[in-house]
1. Condition first: touching a residue at least 60 places away in the same chain (Cβ under 8 Å) and open to solvent by less than 60 Å² (accessible area, probe 1.4 Å). Now tell me which residues in the stretch 120-137 satisfy that.
2. Just for the stretch 94-119: of the residues that are part of a strand (DSSP E or B) and open to solvent by 50 Å² or more (accessible area, probe 1.4 Å), which one is nearest to L131 (Cα to Cα)?
3. Can you name the residue in the stretch 148-188 that is open to solvent by 40 Å² or more (accessible area, probe 1.4 Å) and either among the small types (G, A, S) or modelled with pLDDT under 50 (or both) and, of all such residues, is nearest to L102 (Cα to Cα)?
Amino acid sequence: MFNNNSHTNHHEPDTVFTPEQVLENRGRVAIFIDGSNLFYAALQLGIEIDYTKLLCRLTAGSRLLRSFFYTGVDRTNEKQQGFLLWMRRNGYRVISKDLVQLPDGSKKANLDVEIAVDMMALVGSYDTAILVSGDGDLAYAVDAVSYRGVRVEVVSLRSMTSDSLINVADRYIDLDNIKEDIQKTPRQNYTYRPLSGIGVTEEQAEP
C-alpha cells in the first residue's frame with residue numbers, strides 16, 4: 001500500500017499533526033476566557049491560577065491578537081476591582097457585567113452572549129480562537145466561527161466540559177494536563193480569597 005521512499009515513510013497520509021505542527025499552523029490567536037468557569041475548574045483541581053503563566057501557556061509563542069477575560073463583578077468589592085485592574089495592566093482585556101442576585105440568594109452573571117458576539121465580530125482578525133470554557137451554550141458560536149475559517153481550541157476541565165463543545169472544536173486541551181504550567185507557586189505568605197467567581201491574591205490585587 002505504501003511506497004518505500006523516505007518521504008512517504010515520514011509523512012504517511014494518516015499521520016496526526018505533531019504539537020509543533022499544530023502551533024505552526026495557528027497563525028494569529030485570540031483568547032476568550034470564561035472567568036467563572038475557569039475559577040470553578042481551578043477549585044476542582046485544587047490550584048490557584050497564575051494569570052501571567054496562563055497567558056504564556058495559551059499563547060505558546062503564537063502571535064496574540066488579544067486576550068479577553070469575561071467575568072461578573074461586584075462594584076463594591078475593592079479587592080476584586082484591584083484584581084481586575086491588575087489583569088488589565090498585564091495583558092488582558094476585561095469584559096465585565098454586574099452580578100445579579102438570584103432567588104436563592106446567590107449571585108451570578110452570564111457572559112455567554114458577550115463571548116459569542118466577540119468571537120463572531122473579530123472573525124477575519126484572527127486565525128485560531130482559544131476558548132477557555134466548558135459551557136455547551138457556546139457550541140453554536142464555536143461551530144459558526146469554524147465555518148468562517150477559524151480554528152478553535154477549547155481549554156477546560158473535562159468533568160466540567162460539554163461534549164457538544166468538544167465535538168465542534170478542532171482541538172481540546174484538558175486543564176488537568178497543563179495545571180503544572182499555569183498554577184501559582186505556593187508561598188508562605190500567600191493569601192487567597194475567592195470573590196465572585198475569581199481567585200484574588202494579595203499580589204495580584206495590588207495596582
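1. Filtering the stretch 120-137 for residues touching a residue at least 60 places away in the same chain (Cβ under 8 Å) gives 122, 125-135.
Within the stretch 120-137, L122, S125, Y126, T128, A129, I130, L131, V132, S133, G134, D135 meet the criteria.
2. Just the residues of the stretch 94-119 that are part of a strand (DSSP E or B), to begin with: 94-98, 100-101, 107-108.
The next check asks that each one be open to solvent by 50 Å² or more (accessible area, probe 1.4 Å); those that pass are 97-98, 100-101, 107-108.
Details: K97: 19, D98: 22, V100: 24, Q101: 27, K107: 24, K108: 20 Å.
Per the criteria, the residue is K97.
3. Among residues in the stretch 148-188 that are open to solvent by 40 Å² or more (accessible area, probe 1.4 Å) and either among the small types (G, A, S) or modelled with pLDDT under 50 (or both), the one nearest to L102 (Cα to Cα) is S159.
The values are calculated or read from the model by the stated rules, or taken from the named source; none is laboratory data. What you see is a predicted model; the values in this text were computed from it and never measured. Note that we place each Cβ from the backbone using ideal geometry, even for glycine, and neighbour counts take in every protein chain shown. Remember, those area values only see protein heavy atoms, side chains included, never the ligands or the DNA or RNA. Shrake-Rupley method; radii C 1.70, N 1.55, O 1.52, S 1.80 Å.
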